[in-house]
Amino acid sequence: MGLVTTKEIFKKAYEGGYAVGAFNVNNMEIIQGIIDASLRANSPVILQVSSGARKYANPIYLRKLVEAAVEYTESVGKDIPIVLHLDHGDSFELCRDCIDSGFTSVMFDGSKLSFEENIRITKQVVDYAHPRGVVVEAELGKLAGIEDDVKVDNEDALFTDPMEAKEFVEKSGCDSLAIAIGTSHGAFKFKGEAKLRFDILEKITNLLPGFPLVLHGASSVPQEFVEMCNKYGGNIPGAKGVPEEMLREAAKYGVCKINIDSDIRLAMTSYVRKCFNETPEVFDPRTYLGKARDAVSDMVEHKIVNVLGCSNKI
Ligand code: G3H
Ligand code: 13P
Ligand code: ZN
């Protein structure tokens, strides 16, 4: 099948009221863990690459690893739909480079720009991407986390304005839109109780019927991993994510893509720490990276089957 875009995947997800996972990839073990989970669950999957990932692993290595994943799935006779997506592209030039090098989906993140400038560059990316068969995700609203310590009089100013979302989609021509309804990046999302603005999400869905929405900062920060990290020498007290039932709920309201990175980091780190702690004699990286890969795979399978609802949707 080769790499695919999100067009068909989102259409089916929207109609079926489920979401597809977009997992950040930085190395071979992460890619293998995600792909093995997707194969076991018969699920489409989005592998996303950030600028940080490109800097860490080198764009050529990452692209070839994703190509290997496609070839591997074909070799085991299971053609799962795989999307290669640029996460948080911050310029037209970066989006263009990724389109030219085989990505099937790019995100232009102009959420820090003015409304007009965000539309202008998103449209520029769309005009370059569409004739080449590539889809474009855009972002509107601020994903302010508690770690940013943002203090505003009007809390709503941080979230995506539903009327602006409609105008933005119409003027930019983007294929999906990342919205801000209270999620944030990282492992420390809420100081107190977790709260998402489903009222805003519902308004956006009503104004943009059939249009796929994206939730960034959607890791649920499983407490099992946090406890393991802390038990084996880590120090991440108070880490907290988006409750899984909220993600399930969001998928019913037009959220077709749910972004997960921190949970991958936590799964790997907790198992590597455990391995080092319990078997200090181990110095073969295949031992601890193998355990990390298994942990990623189990976590991703759990998300696919029990949270996102995208198992058996290939
Ligand atoms: O949205 C951010 C993702 O978690 C990627 O993080 O920029 O550290 O690779 P990164
Ligand atoms: P998390 O930090 O919640 O995993 O969010 C990842 C993300 O949004 C990547 O774009
Ligand atoms: Zn993000």
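The values are calculated or read from the model by the stated rules, or taken from the named source; none is laboratory data. Remember, it's a predicted structure, so these values are computed and weren't measured experimentally. Cβ placement follows ideal geometry from the backbone for every residue including glycine, while neighbour counts extend to all protein chains displayed.
Condition first: under 16 Å from the mean Cα position of the chain (by Cα), among the hydrophobic types (A, V, I, L, M, F, W, C), within 15 Å of Ser262 (Cα to Cα) and not in a helix (DSSP H, G or I). Can you find one or more residues in the range 44-51 that meet it?
Residues of the range 44-51 under 16 Å from the mean Cα position of the chain (by Cα): 44-51.
So of that shortlist, the ones also among the hydrophobic types (A, V, I, L, M, F, W, C) come out as 45-47, 49.
Next cut, within 15 Å of Ser262 (Cα to Cα) only: 47, 49.
The next check asks that each one be not in a helix (DSSP H, G or I); those that pass are 47, 49.
Yes: the range 44-51 contains one or more residues that are under 16 Å from the mean Cα position of the chain (by Cα), among the hydrophobic types (A, V, I, L, M, F, W, C), within 15 Å of Ser262 (Cα to Cα) and not in a helix (DSSP H, G or I).
Please verify whether Asp175 is charged (D, E, K, R), over 30 Å from Asn230 (Cβ atoms) and surrounded by 16 or more Cβ atoms within 10 Å (Cβ to Cβ), treating the condition exactly as stated. When the stated conditions are applied, Asp175 passes them.
For beta carbons closer than 7 Å, sequence separation of 6+ or different chains, a first residue in the range 72-96 that is in contact (Cβ under 8 Å) with a residue 12 or more places away in the chain and at positive phi and a second that is part of a helix (DSSP H, G or I) and surrounded by 14 or more Cβ atoms within 10 Å (Cβ to Cβ), the qualifying pairs are His88/Ser51. If only residues of the range 93-137 that are among the charged types (D, E, K, R) and over 21 Å from Pro59 (Cα atoms) are counted, the one that is nearest to the chain's Cα centre (by Cα) is Lys112.
Only helices (runs of 4 or more DSSP H) wholly contained in the range 211-311 count here; list those with 3 or more residues that are within 16 Å of ligand 3 (Cβ to nearest atom). Can you show your working first?
Details: elements: 223-231, 244-251, 262-278, 285-302.
Ranges flagged: 262-278.
Just one of (1) at pLDDT below 95; (2) within 16 Å of ligand 3 (Cβ to nearest atom) fails for Gly110. It is (1).
Residues in the range 170-210 that are in a helix (DSSP H, G or I), among the charged types (D, E, K, R) and more than 16 Å from Ser111 (Cβ to Cβ): 4 in all. Taken together, the residues in the range 82-100 that are touching a Lys or Arg at 6+ places or on another chain (Cβ under 9 Å) and away from ligand 2 (no atom under 15 Å from the Cβ) amount to 2.
Does Leu62 satisfy the criteria of being crowded, with 21+ Cβ neighbours inside 10 Å, free of Cβ contacts under 8 Å to residues at least 60 places away in the same chain and assigned to a helix (DSSP H, G or I)? Spell out the reasoning first.
Details: crowded, with 21+ Cβ neighbours inside 10 Å: yes; free of Cβ contacts under 8 Å to residues at least 60 places away in the same chain: yes; assigned to a helix (DSSP H, G or I): yes.
Yes, satisfied.
Of the residues making up the range 8-22, just one is of a type outside the set (Phe, Trp, Tyr), under 16 Å from the mean Cα position of the chain (by Cα), part of a helix (DSSP H, G or I) and farther than 17 Å from Asp79 by Cβ, namely Ala13. Residues in the range 292-314 that are closer than 19 Å to Cys229 by Cβ and either surrounded by fewer than 20 Cβ atoms within 10 Å (Cβ to Cβ) or of a type outside the set (Lys, Arg) (or both): 9 in all.
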